[in-house]
Amino acid sequence: MLKISQLHSGDIVLVSDEGLLREGSVLKTDRDENLVLVNNGIQDFWYQPQDIYPVALNESQLLEFGFEKEKLANSVKYKKGAFRLLTPLAGNFNKLELWYREDRRNFDVSIAAHELQSLYCAMTKVPLLRN
């Protein structure tokens, strides 16, 4: 379950649609009604927070966001413009280093796709959307 305050238009989430989990994109939020409008790949539908889950950040998600992969000796770097994301081991997103110009941030826990989208936007002032 995610908090509505964490979600923004374009964020990638999982929604529980009649027992099936579907990946979708947030279209808008209604904090007064405590609902989130999500395109679940089939239709636009309003979901309650208890039916919305984070999508784990992985290489596939990064490539869909338009990042380029660069293998280094002991790590993997993903690049999009001047923004960089570094993981110590290929496929391991439990420890991340993000930087954009002089802004550097380190995470010792895995983050979700919508959290990366928020961080990217906060650091670059540009929304991170899928290609």
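Taken over region 91-109, residues that are loosely packed, with under 12 Cβ neighbours inside 10 Å, not basic (Lys, Arg) and not in a loop (DSSP other than H, G, I, E, B) amount to 1. Of the numbered criteria (1) at pLDDT below 95; (2) of a type outside the set (D, E, K, R); (3) surrounded by fewer than 16 Cβ atoms within 10 Å (Cβ to Cβ), the one SER16 fails is (3).
With respect to the stated conditions, SER9 fails to be part of a strand (DSSP E or B), touching a Lys or Arg at 6+ places or on another chain (Cβ under 9 Å), within 24 Å of VAL126 (Cα to Cα) and outside the structural domain of ALA90 (by TED's automatic domain parsing).
For region 46-55, the criterion of a residue being in a loop (DSSP other than H, G, I, E, B), in contact with a helix residue (DSSP H, G or I) (Cβ under 9 Å, 6 or more places away or on another chain) and within 25 Å of SER110 (Cα to Cα) is satisfied by at least one position.
When GLU23, GLU115, GLU33 are screened for being free of Cβ contacts under 8 Å to residues at least 24 places away in the same chain, within 20 Å of LEU2 (Cα to Cα) and charged (D, E, K, R), only GLU33 passes. Once region 27-60 is narrowed to residues that are among the polar types (S, T, N, Q) and over 19 Å from LEU128 (Cβ atoms), the residue that is surrounded by the most Cβ atoms within 10 Å (Cβ to Cβ) is ASN40.
Selection of region 61-90 for residues being under 16 Å from the mean Cα position of the chain (by Cα), free of Cβ contacts under 8 Å to residues at least 60 places away in the same chain and in a loop (DSSP other than H, G, I, E, B) yields only PHE67.
When region 71-86 is limited to residues that are modelled with pLDDT of 95 or more and not hydrophobic (A, V, I, L, M, F, W, C), the one that is surrounded by the fewest Cβ atoms within 10 Å (Cβ to Cβ) turns out to be GLY81.
The values are calculated or read from the model by the stated rules, or taken from the named source; none is laboratory data. These numbers come from a predicted model, not from an experiment. Every residue, glycine as well, gets a Cβ built from its backbone with ideal geometry; the counts of neighbours run over all protein chains shown.
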